[in-house]
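This report concerns only the one structure given below.
The values are calculated or read from the model by the stated rules, or taken from the named source; none is laboratory data. Because the structure is predicted, anything quoted here is derived from the model rather than measured. FYI the Cβ positions are ideal-geometry reconstructions off the backbone, even for glycines, and counts take in every protein chain you see.
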Amino acid sequence: MLLYAVLIFVGLLGLGRCQCTTNGYFPHETQCDSYYECRNGTVIQGFCPDGLVFNDESSYKHLRCDLPFDINCQNRPYMQPAQGVGNCPRRWGMYADETNCGKFYNCVDGHGFPFDCPEGLAFNERRGVCDWPDLVERCDAEAYLGFQCPEPTAYELQDFVNPPYAHPRDCAKHFVCVATYYGKRLPRLLSCDAGTVFNPSTRTCDDPVNVPGCENYYGAQEDPFNKRQTLRRQGR
């Protein structure tokens, strides 16, 4: 599609005319947030709103400006000068908070609406999703999660691809330490299913009665149904 558009417009843009046989929108050859509209033989260059890019693969027939995630701008790397406001580097888009990995802003015409990722996840600005912190370049996973992975023993690596470790303060949570491409292991925060806690001895989620110190973890937090289930498991 890009080659087709270039062939249409090369040598003709200076005149503001084109010999296109079909009206429509075509990508700019170098700028991802710019496009050409071919209307009845006339070329009109346009720009997407600041922060959006032209999506040449959209199924919509009309102008297709979209968020940049999953849109290939490799051969069209340039963008118009940013018109950022406050927490929005550009007027439209989704942007990570500068100090908190788990927070991001959905920017709508320069107004930044704050959102929080689910616990343990960090905002991946490149993909536009909440992701594992170790996959987010600008996030220090260890500092963000407050856990540093120990060097696994040979025994641990025989049993676990990603060794799990107990959370130091929360019975129902645990960390798994995944190997990165540069060799260092970084933590990911996981939660056990409701009604269970992490058992450091078996390295699995287990009934609270089997984990010393976590027997009463749910206690008053349980609703009546879960409490009855727990009492039944305890033989009461």
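A quick yes/no check of all residues on (1) within 29 Å of C214 (Cβ to Cβ); (2) surrounded by fewer than 13 Cβ atoms within 10 Å (Cβ to Cβ); (3) not hydrophobic (A, V, I, L, M, F, W, C):
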{"position": "G112", "(1), (2), (3)": "no, no, yes"}
{"position": "C117", "(1), (2), (3)": "yes, no, no"}
{"position": "V136", "(1), (2), (3)": "no, no, no"}
{"position": "C149", "(1), (2), (3)": "yes, no, no"}
{"position": "E156", "(1), (2), (3)": "yes, no, yes"}
{"position": "V161", "(1), (2), (3)": "yes, yes, no"}
{"position": "D170", "(1), (2), (3)": "yes, no, yes"}
{"position": "F175", "(1), (2), (3)": "yes, no, no"}
{"position": "A179", "(1), (2), (3)": "yes, no, no"}
**Fill in**
Reported set for the range 42-71 where residues are modelled with pLDDT under 90, surrounded by 13 or more Cβ atoms within 10 Å (Cβ to Cβ) and part of a loop (DSSP other than H, G, I, E, B) is D56, S58, L63, R64
**Item:** Hits in the range 90-112 - residues which are outside any strand (DSSP E or B), in contact (Cβ under 8 Å) with a residue 24 or more places away in the chain and more than 14 Å from R126 (Cα to Cα)
**Value:** R90, R91, W92, G102, D109, G110
**Request:** Select from the range 78-89 the residues that are in a loop (DSSP other than H, G, I, E, B) and on the phi < 0 side of the Ramachandran plot and list them in ascending order.
**Result:** M79, Q80, P81, A82, Q83, G84, N87, P89
**Complete:** For the range 164-210, the count of residues that are part of a loop (DSSP other than H, G, I, E, B) and over 25 Å from the mean Cα position of the chain (by Cα) equals 12
**Prompt:** Taking R127, is it closer than 30 Å to P187 by Cα, surrounded by 13 or more Cβ atoms within 10 Å (Cβ to Cβ) and charged (D, E, K, R)?
**Reply:** yes
**Asked** modelled with pLDDT under 95 and either β-branched (V, I, T) or loosely packed, with under 11 Cβ neighbours inside 10 Å (or both) - does that describe any residue in the range 21-29?
**Response** yes
